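Written below as structure tokens is the structure these notes are about.
The values are calculated or read from the model by the stated rules, or taken from the named source; none is laboratory data. Everything quoted here is computed from the prediction, not taken from an experiment. Positions of Cβ are backbone-derived with ideal geometry, glycine not excepted, and every protein chain shown enters the neighbour counts. Just so you know, the surface numbers come from the protein's heavy atoms only, side chains and all, with ligands and any DNA or RNA stripped out. Shrake-Rupley method; radii C 1.70, N 1.55, O 1.52, S 1.80 Å.
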Amino acid sequence: MFIPTLKEKPREAEIPSHTLAIRAGLIRMVASGVYSYLPLGWRVLRKIMQIIREEMNRIGGQELLLPALTPAEIWQETGRWYEYGKEMFRVRDRKDKDYALAPTHEEIITDIARREIRSYRDLPQIWYQIQVKFRDELRPRGGVMRAREFIMKDSYSLDATVEGWQRSYNLHRDAYIRIFTRLGLEFKIVSASGGIMGGSETEEFMVPSPVGEDTIVYCGNCSYKANYEIARGIPPKLELEDKPLRKVYTPVGGSVEEISRFFDTVPQQLLKSLLYVKQTDSGKQPIFLLVDGAHDVSETKILKLGDLRPATSDEVKEWMGASIGYISPIGTDIPVYADIGLKGRKGLITGANEDLYHYEGVNIERDIKVNEYTDIAKVAPGDSCPQCGDKLIIESAIEVGHIFRLGTKYSEAMGATFLDRDGKNKPILMGSYGIGVERSMMAIIETHHDEHGIVWPQSVTPFQVLVTTLNPENYDLVQVADNLYKELMKRDIEVLYDDRSTSAGIKLKDDDLIGIPVILILGEKVWRDGMVEIKIRATNERIKVKHEMCVDKVLNIIKEMQDATQ
Ligand code: ATP
Ligand code: MG
């Protein structure tokens, strides 16, 4: 078998799963974000896809296959030809027609639906595909954790009624819980924002891990969970004295750290006055966003305020006559949106609209005309839960799945309607639900490895058992190994047989690296007593058994391991 293992950490790998996927001979890079899957890696991916298939079929999903090459017109109908920007790979054919290599398939599905679905009798439907998608990611990362060509399971639900639509969503949610549990992943389901997919309510399946590119926020006490972008935290109480407004010479840089050091106070006493530019029909308009010095503005939350971007330093100078770090809405009539956490706060410090000067004693209600208090701040360390008041935990996580309630966004844009019971034509209610196949594999490696290598869960391991002979020159021992190999194969166990004539040390190292959960070790020393060793990769435990008992013992061990992820 072709398993090109490597002793050393490859230079291009930054995170453990990437390093191990290369060292264990699962994947090889072809170009940035483009990989080949070698036999061992492909076996794992196929097992993941099989689990996904079983659970999708269980909820009534029907597998189909859609093209990767998709005509521009279909994306132009919904506007995503333009919205997707550089992330969409585009190609031109010999007749100068434009195509996209599909990054996702809502448009293609909606096109099938509008041609074929006529009446409520044709609904509901759940259609899914497991296939390659293309995204020209800005920063491909972690091997196939974030690739540019990758396999996704994507499913789409089509419903006639709101109840049916909710049901399809919940069926997927339950299926995803079963899928990720079977994959041996510990995950959290967090509510998130729809982003470019549209749709109001979406949830992400997140695997906590230090290498995750997403951040999740959850309560250590109650059920509160959310994506970092939209989570709400209650800032710690900071009681400050109400003082008159006073201008202070602050001859330091304007950053939160420098100003709080200058005043010898905590960042929370600072009022960050951020000048943004709102693009309206009549041109650009400055607006102020206010958060306290311990918090940042959430780019996702401010989407509700319109088309905003931070003002450039030139614009700040032009409008305010001072530099970033020394500005505030005090004394101006620029519209102000303040974070709800700021309501009633006093004794604050903010810019005085003059370089090297700040105001202290700012009472927000008294000194600033706030148009609206609204939720615009990102959660910060130290914030507490909006539901129960306990401490919030902020943690990195890997997004492995995402479920969207699309509603009628695509069916309306593309005219996918059906004739309802009441004789009226209505847009189909849709949902879309994705799982990253490679990313799931990488999340498994990331959460199932030790310093020696991967430790596969039984459900996705490329082989269930590894048989290895430490003394391939010993004829008797090889006979026993051959026999065990055949016996296990007869019981439908997937066995990899390491009969290479390399040193025992190298073999044992490789065996640990590729992570097959049960290893049968046949060595002369132990064999003298008619015994073989069973090594449990996860715990390093070695059990000696009589060779004639070995097959039954192995079957039992596998069964126990399987039960643990069912
Ligand atoms: P991300 O925020 O990580 O870019 P996304 O929100 O763009 O993900 P979706 O469009 O919801 O992702 O795709 C569904 C699933 O496909 C994701 O949950 C993830 O598991 C997987 N996925 C998305 N982009 C990639 C990629 N570039 N490489 C590998 N898997 C990916
Ligand atoms: Mg993305």
Please verify whether Lys86 is part of a helix (DSSP H, G or I), closer than 20 Å to Glu137 by Cα and of a type outside the set (A, V, I, L, M, F, W, C), treating the condition exactly as stated.
yes
First in the stretch 416-442 and free of Cβ contacts under 8 Å to residues at least 40 places away in the same chain, second anywhere and among the hydrophobic types (A, V, I, L, M, F, W, C) and more than 8 Å from ligand 1 (Cβ to nearest atom), Cβ under 9 Å, 6 or more apart:
Asn425/Phe418; Asn425/Leu419; Pro427/Ala416; Pro427/Phe418
Please work out which residue is most open to solvent (accessible area, probe 1.4 Å), limiting yourself to the stretch 59-95 and to residues that are more than 23 Å from Ile112 (Cα to Cα) and in contact (Cβ under 8 Å) with a residue 24 or more places away in the chain.
Lys86
Scan the stretch 229-254 residue by residue and report those that are open to solvent by less than 50 Å² (accessible area, probe 1.4 Å) and either more than 44 Å from the chain's Cα centre (by Cα) or modelled with pLDDT of 95 or more (or both).
Val248, Thr250
Based on this model, can you work out whether Glu204 counts as within 13 Å of ligand 2 (Cβ to nearest atom) and assigned to a strand (DSSP E or B)?
yes
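Which of the residues spanning the stretch 465-495 are open to solvent by 20 Å² or more (accessible area, probe 1.4 Å) and not charged (D, E, K, R)? Break it down stepwise before answering.
Initially, the stretch 465-495 is screened for residues open to solvent by 20 Å² or more (accessible area, probe 1.4 Å), giving 470-476, 478-479, 482-483, 485-487, 489-492, 494.
Leu470, Asn471, Pro472, Asn474, Tyr475, Val478, Gln479, Asn483, Tyr485, Met489 - these are the residues of the stretch 465-495 that are open to solvent by 20 Å² or more (accessible area, probe 1.4 Å) and not charged (D, E, K, R).
Inside the stretch 436-459, can you point out the residues that are among the hydrophobic types (A, V, I, L, M, F, W, C) and either surrounded by fewer than 24 Cβ atoms within 10 Å (Cβ to Cβ) or in contact with a His (Cβ under 8 Å, 6 or more places away or on another chain) (or both)? Write out each step before concluding.
Residues of the stretch 436-459 among the hydrophobic types (A, V, I, L, M, F, W, C): 437, 441-445, 454-456.
Within the stretch 436-459, Val437, Met442, Ile454, Val455, Trp456 meet the criteria.
Would it be correct to say that Ile394 is closer than 30 Å to Leu171 by Cα and either touching a Leu at 6+ places or on another chain (Cβ under 7 Å) or open to solvent by 30 Å² or more (accessible area, probe 1.4 Å) (or both)? Break it down into steps so the answer makes sense when it comes.
On the way: closer than 30 Å to Leu171 by Cα: yes; either touching a Leu at 6+ places or on another chain (Cβ under 7 Å) or open to solvent by 30 Å² or more (accessible area, probe 1.4 Å) (or both): yes.
Here the answer is yes, as Ile394 does meet what is asked.
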Can you pull out every residue in the stretch 157-174 that is in contact with an Asp or Glu (Cβ under 7 Å, 6 or more places away or on another chain) and assigned to a strand (DSSP E or B)?
none
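Considering only the stretch 146-166, state which residues are under 30 Å from Gly25 (Cα atoms) and in contact with a strand residue (DSSP E or B) (Cβ under 7 Å, 6 or more places away or on another chain). Break it down stepwise before answering.
Initial filter on the stretch 146-166 (under 30 Å from Gly25 (Cα atoms)): 146-154.
Residues satisfying the conditions are Ala147, Arg148, Glu149, Phe150, Ile151, Met152, Lys153, Asp154.
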For the stretch 448-566, give me every one of the strands (runs of 3 or more DSSP E) that falls completely inside it and has 3 or more residues that are of a type in the set (Lys, Arg) and more than 22 Å from Leu40 (Cα to Cα).
542-546
